[in-house]
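S.K.: Here it is, the structure in full.
What follows is calculated from the coordinates using simple rules that are stated; it is not laboratory data. The model shown is predicted, which means the values in this text are computed figures rather than measured ones. Heads up, the Cβs are rebuilt from the backbone with ideal geometry, glycines too, and the neighbour counts pull from every protein chain shown.
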């Protein structure tokens, strides 16, 4: 399973990730999911948009095929463990990124992000950066 970070979703909606388009088109849609906090970040973009109707349509259309993964009790336990480890080592990450990382780890998912420098601080988190992938389209 792949969990999509906000930057992947936003750039995909902008048409800036041809590799992501091919990857998703040629794979089972059930492989790709969105953490609940990422849906929240996308919907925050609607609230801040100068064209909220257009932004709402775009986000709704983009998120429609994806299951939204909730932040449940298993994620909460993982969050506490990760945050404790990172604080003890002085390698903190942003609060939303911490929730995204906990959701990915708790669900044994690969996190697809362009924010590798932030997320690589999280022990055991599997990452892919589709910005670095070759596109042969």
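S.K.: More than 25 angstrom separation, counting every C-alpha pair in the chain; what % is that?
M.R.: Values: 2466 of 9316 pairs.
Cα-Cα pairs of the chain separated by over 25 Å account for 26 percent.
S.K.: Pop a pseudo-label 7 angstrom from the Cα along the beta-carbon direction at both residue 21 and residue 80 and give the gap in nm to one decimal.
M.R.: Here the answer is 4.5 nm between the modelled labels.
S.K.: Additional query: Principal axis extents for segment 37-95, Cα atoms only, whole Å, descending order, please.
M.R.: 44, 24, 12
S.K.: Then there is this: What's the angle, to the nearest 10 degrees (0 to 90), between helix 95-106's Cα axis and the longest principal axis of the chain?
M.R.: Here the helix axis deviates by roughly 80 degrees.
S.K.: May I pose another question? For the pair residue 44 and residue 67, how long in nm is the line joining their label points, each one 7 Å along Cα→Cβ?
M.R.: Calculated label separation equals 2.6 nm.
S.K.: What does the highest-first list of 10-18, 47-55 look like by mean Cβ count within 10 Å? Numbers along the way, then the final one.
M.R.: Working: 10-18: 15.1, 47-55: 10.8.
Most protected by this proxy first, the peptides run 10-18, 47-55.
S.K.: Please find the FRET efficiency linking residue 128 to residue 88, where r is the Cβ-Cβ separation and R0 is fixed at 35 Å, and quote it to the nearest 0.05.
M.R.: Working: r = 27 Å, r/R0 = 0.78.
The pair residue 128/residue 88 has a calculated efficiency of 0.80.
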